[in-house]
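Right, one structure below, let's go through it.
Since every read-out is calculated from the coordinates, none of them should be taken as a lab result. Please read all numbers here as calculations on a predicted model, not as lab measurements. Note that we place each Cβ from the backbone using ideal geometry, even for glycine, and neighbour counts take in every protein chain shown.
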Amino acid sequence: MLVLASWLYAPILGRLVMQWWGDPNFSHGFFVPLFSAFIVWQDRERLAAIPKAPSAWGIPIIILSLLTLILGVFGAELFLSRASIILLIAGLVLFFLGREVLTAVLFPLLLLILMIPIPAIVFSQVTFPLQILASKLAAWSLPLFGVPVLREGNVINLPAMPLEVAEACSGIRSLLSLTTLAIMYGYLMEKNIAIRFALALASIPVAVAANGLRIVGTGLLVQYWDPDKAEGFFHAFSGWLIFVVSLLMLFVLHQLLILALARRREASA
């Protein structure tokens, strides 16, 4: 069955890895299956102690995964064909090991969804609103630093030159990567489930705010220094810098949540 599954999914997984390698928006996909495997390996003793109770209910899930694979391949829908492997793993675990084992590995299994690039139609529907939101944030913030701004859609007209918030500057890349890292960080550093969810949800506004800050910084460089330098090395470097700032913001938020939870417990005691 492993040989058959490898034969079925080798072309699909090969294209998926190539997309991780070639598309910066989804390069975080390399870390997701490794982290899922790490979670399973970390819980190997607990999983080994669970009584194995193979269940025939795994067969319908396996059939559903194969139907999803066929639909994705013949419908040229990469997301479906890639997602079918998660269904297949779930069906195999349930069929050979039982429901209790499936429940125990449900989190690392669901985490694999993050390795699959979102469909192009959804990606475009999310990217453009993020471009507009980032443009609005920059257009509101730059006048606070003495820079007059006229915004037209996703184009910010500065006295020095127009600044376009392109798709690459929408923040979707940092949003996807930061959300993935927030989930990993929450799992490794926090036992409280509520705080884990809070960190994962907080990664969205943190990524949006950090990207707006990056565009404001670019606008200030354009206006007060050199447009060529602002669009060259410093523009690329600012992406990494803002991502590090986002991680620090998540860390600070985590510490604040821990402090708030501790004070709440003291007050209730």
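Counted over the chain with a bin width of 10 Å, the fraction of Cα pairs per bin, in whole percents, is 6, 23, 27, 22, 14, 6, 1, 0.
Taking all pairs of different Cα atoms in the stretch 121-268, averaging 1/r and flipping that mean, what Kirkwood radius in angstroms comes out? Mind showing how you got there, number by number?
Details: mean 1/r = 0.0606 Å⁻¹.
For the stretch 121-268, inverting the mean 1/r across all distinct Cα pairs yields 16.5 Å.
For ALA260 and ALA160, the difference between the fully extended length at 0.36 nm per residue and the C-alpha to C-alpha distance is 31.4 nm.
On full extension of the chain, what length is gained from VAL122 through LEU66, given 0.36 nm per residue of separation minus the C-alpha to C-alpha distance?
Numbers: separation 56, 0.36 × 56 = 20.16 nm, distance 2.38 nm.
Answer, rounded to one decimal: 17.8 nm.
Summarising the amide proton neighbourhood of GLU164: residues at separation of 5 or more, or on other chains, whose placed amide H is nearer than 5 Å comprise ILE156.
Placing +1 on the Cβ of every Lys and Arg and -1 on the Cβ of every Asp and Glu, with no other charges, gives the chain a dipole of roughly 760 debye about its Cα centre.
When the chain is described by a simple charge dipole with +1 on each Lys and Arg Cβ and -1 on each Asp and Glu Cβ, the residue from VAL208, ALA76, LEU253 located farthest towards its positive end is LEU253.
Whole-Hz Karplus values for the stretch 8-22 come out as 5, 9, 4, x, 5, 5, x, 5, 5, 5, 5, 5, 4, 6, x Hz, taken residue by residue from phi with 6.51 cos²θ - 1.76 cosθ + 1.60 and θ = phi - 60°; glycine and proline positions read x. For ARG151, the residues whose amide H sits under 5 Å from its own are ASN157, ignoring neighbours fewer than 5 places away on the same chain, with H placed 1.01 Å from N. Over the stretch 2-117, the ratio between the Cα radius of gyration and 2.2 N^0.38 Å evaluates to 1.10.
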